[in-house]
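What follows is a set of notes on a single structure, which appears directly below.
Read the figures in this text as sums done on the coordinates, not as results from a lab. In this text, all values refer to a predicted model and were calculated from it rather than measured experimentally. Every residue, glycine as well, gets a Cβ built from its backbone with ideal geometry; the counts of neighbours run over all protein chains shown.
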Number of protein chains: 2
Amino acid sequence: MVDVVVFGIIDDLRTLFIKRQSKEEAPDEPFPNHWALPGGHVEIHETVEQAGERELFEETNARNVFMEQFHTFSGPDRDPREPTISTAFYALVRPDTLVLEARSDAKDIGWFSMNHLPKLAFDHADILKMALERLRDKALRQPIGFELLPKKFSLGQLQSVYEKILGRALDKSNFRRDFLRMGILEELSEREEGVSHRPSQLYRFNKRTYDNLKKTGFRFEI
Amino acid sequence: MVDVVVFGIIDDLRTLFIKRQSKEEAPDEPFPNHWALPGGHVEIHETVEQAGERELFEETNARNVFMEQFHTFSGPDRDPREPTISTAFYALVRPDTLVLEARSDAKDIGWFSMNHLPKLAFDHADILKMALERLRDKALRQPIGFELLPKKFSLGQLQSVYEKILGRALDKSNFRRDFLRMGILEELSEREEGVSHRPSQLYRFNKRTYDNLKKTGFRFEI
DNA sequence: ACAAAAGTGTTTGTTGTACACCCATGC
DNA sequence: GCATGGGTGTACAACAAACACTTTTGT
């Protein structure tokens, strides 16, 4: 099996859950009416990565999304029906680019803020908890903030993303200095428009430069 | 399935492999006479962690060993017989405490230095490569060097372990300063004996202090 | 003029890095 | 006395952290 923790930013950091069917709709299914992570079985010809991507696509119609395996959960009691082994992934998406769609076997689909979670099915609360830990760890060591932003963004937006992931405030001056020093941001000739304050400079992430730097032993770190 | 990469230090950093049977002994088994990682199936009542521990015990008679899950490998072509999904672990042991034992279905068992590896079965070379990456990453952020040393050790031994894990030289003065500053080493009233140079002070790792420090947000780092 | 966020500069203390050097022991 | 690894001290550069300040926009 695979389970996918989908992170996106809508005001704050949120994750995507799917509502399971009621007792009447599916008498044999455990955790009726509970919210659960998107996921499912691995097909015979697939890798677990492919299965994760497929499941995500089925729910969100999103392709080419940042996704990383982080842990495999197992044990005889995870699912009351039978022992299961499930590899868990976290994915980073931009919610505005998705087309959510509750499939036949799901009643509903929705975003939940980390501080207002519903009751979750199975051990999905544990999976979510670990996903968040890993995401935070990752954010400090690899430039993944961009995955949650549009191509063009301001340093203010970028800082905000990192603050939401890490759950703590960052110093503006230091954040900018550090990020610009790395040289992986490309300054565009565009600026923000229509805001009632000084418009911000827009940047984009230069993946090529980052990849080159990585080869030379450079280590991203916040 | 589970696979276990067992690391130990014998002169340099080595890993434990098991020799598969020959074509004559087991005509239907793939990779005859190849060396392979210890591993096997997950029993119905087990977690993958328990399966990893069991497999390790069966080969080495070692219990209570540091072991960590690091990745799940999958895909239809990993095993020529059938698609398999295997969760991989790395373990840290002290080779002198083990009782190696080639089980019925294995011809031989042995330690191999990372720079003199034999031809490996399946995708075990990939698994080993990732295990080493993860081990190095871990070594920089968590005090695991002790797992490869006896209870009592000198700072020189400790530094040597880290150098072997990381594959690069470390500055003696800085290494000592940093480690002692953390306060997780307990100075013993013993010193090294019978060496033809100044005898070294012996220490032991104080896990309780480390756990307390961790709670206060302390982060081990080299 | 004011609010609001963008953007800059500076100061202070801490840490990383690279050395040079002294110490205790066996041979 | 010499070789060997243990153990210490220091100087410089780089960096983290905290904070105050200036700039540019819309209302």
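Hey, quick one: spin label on A:LEU188, modelled 7 Å out along Cα-Cβ, who in region A:137-159 has an amide N within reach, i.e. under 20 Å?
Under cut-off, by backbone N: A:143-159.
Taking only the alpha-carbon atoms of region A:29-165, what semi-axes of the equivalent ellipsoid follow from 5 times the gyration tensor eigenvalues under a square root, in whole Å, largest first?
Semi-axis lengths for region A:29-165 are 27, 17, 16 Å.
Would you please classify the overall shape of region A:1-90 from the alpha carbon gyration tensor, given that a ≥ b ≥ c denote the square roots of the eigenvalues, rounded means a/c under 1.5, and beyond that prolate means a/b larger than b/c while oblate covers the rest?
oblate
Once the Cβ-Cβ distance between B:ARG208 and B:ARG181 is put in as r, and R0 is 25 Å, what FRET efficiency do you end up with, to the nearest 0.05?
E between B:ARG208 and B:ARG181, to the nearest 0.05, is 0.85.
By how many nm would the segment from B:LYS215 to B:SER200 lengthen if fully extended, with 0.36 nm per residue of separation less the alpha-carbon distance?
2.2 nm
According to the square roots a ≥ b ≥ c of the eigenvalues of the Cα gyration tensor, what is the shape class of the protein assembly as shown, taking rounded for a/c under 1.5, prolate for a/b larger than b/c otherwise, and oblate for the remainder?
It is oblate, given that a/c is not under 1.5 and a/b is not larger than b/c.
I need B:SER74, B:SER22 ordered by Cβ neighbour count within 10 Å, fewest first.
B:SER22, B:SER74
Mind giving me the nanometre distance, one decimal, between the label points for B:ARG141 and A:HIS41, set 7 Å out from Cα along Cα→Cβ?
About 3.6 nm separates the two model spin labels.
How would A:LEU16, B:LEU13 line up from fewest to most surrounding beta-carbon atoms within 10 angstrom?
Listed from fewest to most nearby Cβ atoms, that is B:LEU13, A:LEU16.
Can you list the lysines whose alpha carbon sits under 25 Å from that of A:LYS152, skipping same-chain ones fewer than 8 residues off?
By straight Cα distance, A:LYS152 reaches A:LYS138, A:LYS164, A:LYS172, A:LYS207, A:LYS214.
Using R₀ = 25 Å, calculate the FRET efficiency as 1/(1 + (r/R₀)^6) where r is the Cβ-Cβ separation of A:ASP12 and A:MET130; round to 0.05.
It comes out at approximately 0.80.
Percent antiparallel among DSSP beta bridges with both residues in region A:2-140, to the nearest 5?
75
Charges only on Cβ, +1 for Lys and Arg, -1 for Asp and Glu: so what's the dipole of region A:99-147 about the Cα centre, in debye to the nearest 20?
Magnitude of the dipole: close to 160 debye.
Long-range amide H contacts for B:ARG78: which residues qualify at under 5 Å (H placed 1.01 Å from N, peptide plane, sequence gap of 5 or more or a different chain)?
It is B:THR84, by chain and number.
Rounded to the nearest 0.05, what FRET efficiency is calculated for A:LEU166 and A:ASP96 with R0 set to 25 Å and r the Cβ-Cβ distance?
0.65
Please compute the length gained on full extension between A:THR84 and A:SER22, using 0.36 nm multiplied by the number of residues separating them and subtracting their Cα-Cα distance.
The A:THR84-A:SER22 span can extend by a further 20.1 nm.
Name the GluC sites (Glu not before Pro) in region A:45-121 that are in a loop by DSSP and that have at most 14 other C-beta atoms within 10 Å, would you?
A:GLU101
Among A:MET182, A:ALA106, A:THR15, whose Cα sits farthest toward the positive end of the charge dipole of chain A (+1 at Cβ of Lys/Arg, -1 at Cβ of Asp/Glu, about the Cα centre)?
A:MET182
Exposure proxy check: B:LEU128, B:LEU100 ranked by fewest other beta carbons within 10 Å?
B:LEU100, B:LEU128
Between region B:1-62 and region A:119-167, what's the alpha-carbon centroid distance in Å?
First find each Cα centre; the distance between them is then 36 Å.
Using a 7 Å offset from Cα along Cα-Cβ at A:ARG103, what residues in region A:42-72 end up with backbone N under 12 Å from the label point?
A:42-43, A:51-61
Quick one: grab the alpha carbon gyration tensor of region B:148-216, order the square roots of its eigenvalues as a ≥ b ≥ c, and give me rounded if a/c is under 1.5, else prolate or oblate depending on whether a/b is larger than b/c.
Since a/c reaches 1.5 but b/c is at least a/b, the shape of region B:148-216 is classed as oblate.
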